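Worksheet: the structure to be examined is printed underneath.
The values are calculated or read from the model by the stated rules, or taken from the named source; none is laboratory data. Just so it is clear, the structure is predicted and the values come from calculations on it, not from any experiment. Quick reminder, even Gly has a Cβ in these numbers, built from the backbone with ideal geometry, and neighbours come from all protein chains shown. Please note that ligands, DNA and RNA were not included when accessible areas were found on the heavy atoms of the full protein model with its side chains. Shrake-Rupley method; radii C 1.70, N 1.55, O 1.52, S 1.80 Å.
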Amino acid sequence: MEIDIISILIGVLAGLVGGGAIVYAVLNSAAKRRSIGILKEAEVEGEALKKEKILQAKEKFLQLKEQHEKEVRERERNVQQSQEKAKQREQQLSRQQQDLSNKEKQTDQLRQELTQKMEGLERRKEETEKMHAKQVTQLENISGLSADEAKKQLVDNLKDEARTAAMSHIKDAQEEAKLTANKEAKRIVIQTIQRTATEHAIENSVSVFHIDNDDVKGRVIGREGRNIRTLEELTGVEIIVDDTPGAIILSCFDAVRREIARLALHQLVKDGRIHPARIEEIVAKTKKHLDEEIMEVGKRTCIDLGIHGLHNELIRMVGRMKYRSSYGQNLLMHSREVANMSAIMAAELGLNPKAAKRAGLLHDIGKVPDEEPELPHALLGMKLAEKYGEKPDVCNAIGAHHDEIEMTTLLSPIVQACDAISGARPGARREATEAYIQRLKDLESLAMSYNGVTKAFAIQAGRELRVMVESERITDQQSDELSMSIADRIMNEMTYPGQVKITVIREKRSVAVAK
């Protein structure tokens, strides 16, 4: 049984081995055929690829050849155009050379003609001079005047005619200027004045202290006058106790000292204890209180005007202006008025109104220093402003408002004009009677110093000067010259507020009597 199984297995194995050989032989034959097919396909594809690459190379070659030929044609065209332009330029140059040669020929001809004409003119000039000399000789014989005398007479006549024409032109120019510039200037000034209104004070050198009872006078004087002497020594004010009922007079040119004396006297009378020690205490307190009030006035003024960044010392000087007056005009009110008008004018003219207002407020600080130097108040105010850090344009406006230094900024003439407006406005200042009368006399005397003037009258508080002239000696044209000459002399030789109008009156009266 076991032998049969083994035999079967051996048979099976032999069958498997024989079949594998057969299978291998079959597979090997198929692989060879497939390899041959693949090789043939590869050869065919290679031939096709080779042909395609050759075609592509030929196309590329044709493209490059066409592009090269195109570039060659373009270059040839450019060269041809350049040659044509060169030919055209050569033709133009030849034409220009021909034109130049023609012009040179014409110039030579013109030069010859001009030479001939100049020679002819020289001959005519000589003939004309001979004829002129002959005519001058004949005219001298006829007129009885030499050529120099006649020339002088002619020049004098021409001068008179020129002067008359010049005066006419000046008058026309003045009228035209008045219609244009003066109208606008008046509008700005009048609008500025109308928009500012301030209080005005009258300058006094005395203050009156009113009392309810005359018995107080004795207590103020004290035993053997010790109280009044102490008060005068401490305040620097002269105290006048006389028979005036209900009043004690305080006399001093310094308004601050007068105010200290008045306030101290008020405190002493109110307290009732009047003796030297108490007087010293009250005066010291009053001085301190007044210093604080001066600073407060300065600060309040700066706040009202909208001025910031002012040095404390300048603020104190502004406050001191309250107790200082000039020609009867309170200095603080005057400075506020100038500041407001300066700001308005600067705004109308397109300038900086804040700087103008600052310069207007500080323009008179030189009048209120602690010490009285020899410098004019304008220069002193400028030095104080420079010392306390004000800008150059403000300092120049302060120093130049009385023409003591040169004006370098546009603010300076504005401040000067506003200062003159504020001081010259009617009612702003009080002028001494003697000085006022003398000024009017000087105006009339100046007008009477001219030949042909018969009468001169200063009217309207010296703001108008009427001059009467002789009609036989002064012509209408000379009247215009006379008014301008008088105006120039008044501006250069006299000091006056505002402006002075000069009116020259010339009239001719023909009188006949019928009998």
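Within segment 365-379, can one find any residue that is in a helix (DSSP H, G or I), over 28 Å from residue 255 (Cβ atoms) and not β-branched (Val, Ile, Thr)?
Initially, segment 365-379 is screened for residues in a helix (DSSP H, G or I), giving 365-367, 377-379.
Next, from what is left, pick out any that are over 28 Å from residue 255 (Cβ atoms): none.
No.
Scanning for something of a type in the set (D, E, K, R), open to solvent by less than 50 Å² (accessible area, probe 1.4 Å) and either modelled with pLDDT under 85 or not in a helix (DSSP H, G or I) (or both), does segment 317-326 turn up at least one residue?
No, segment 317-326 has no match at all.
Inside segment 459-499, can you point out the residues that are modelled with pLDDT of 85 or more and closer than 22 Å to residue 417 by Cβ?
Those that are modelled with pLDDT of 85 or more and closer than 22 Å to residue 417 by Cβ: 487, 488, 490, 491, 492, 493.
Six or more apart or on different chains, Cβ atoms under 6 Å: show the pairs whose first residue is in segment 252-281 and without any contact (Cβ under 8 Å) to a residue 40 or more places away in the chain and closer than 21 Å to residue 317 by Cβ and whose second is assigned to a helix (DSSP H, G or I) and open to solvent by 70 Å² or more (accessible area, probe 1.4 Å).
Short answer, once both residue conditions are applied: 260/287.
Kindly establish whether residue 287 is touching a helix residue (DSSP H, G or I) at 6+ places or on another chain (Cβ under 7 Å) and open to solvent by 70 Å² or more (accessible area, probe 1.4 Å).
yes
Kindly indicate which of 298, 309 is without any contact (Cβ under 8 Å) to a residue 24 or more places away in the chain and open to solvent by less than 10 Å² (accessible area, probe 1.4 Å).
Selected residue: 298, the only one of 298, 309 that is without any contact (Cβ under 8 Å) to a residue 24 or more places away in the chain and open to solvent by less than 10 Å² (accessible area, probe 1.4 Å).
Condition first: closer than 12 Å to residue 317 by Cβ, open to solvent by less than 50 Å² (accessible area, probe 1.4 Å) and of a type outside the set (Gly, Ala, Ser). Now tell me which residues in segment 377-387 satisfy that.
Selection gives 377, 380, 384.
For segment 240-256, how many residues meet the condition of being surrounded by fewer than 21 Cβ atoms within 10 Å (Cβ to Cβ) and modelled with pLDDT of 80 or more?
Going through segment 240-256 one residue at a time, the tally reaches 4.
Exactly one of (1) closer than 30 Å to residue 331 by Cα; (2) at pLDDT below 70; (3) not in a helix (DSSP H, G or I) is unmet by residue 145. Its number?
Every condition holds for residue 145 apart from (1).
When you check residue 226 against the structure, is it touching a Pro at 6+ places or on another chain (Cβ under 8 Å), farther than 30 Å from residue 358 by Cα, charged (D, E, K, R) and in a helix (DSSP H, G or I), yes or no?
Details: touching a Pro at 6+ places or on another chain (Cβ under 8 Å): yes; farther than 30 Å from residue 358 by Cα: yes; charged (D, E, K, R): yes; in a helix (DSSP H, G or I): yes.
Answer is yes for this residue.
Taking segment 406-446 as the search range and keeping residues that are outside any helix (DSSP H, G or I) and open to solvent by less than 50 Å² (accessible area, probe 1.4 Å), which one is modelled with the lowest pLDDT?
Going through the qualifying residues, I end up with 428.
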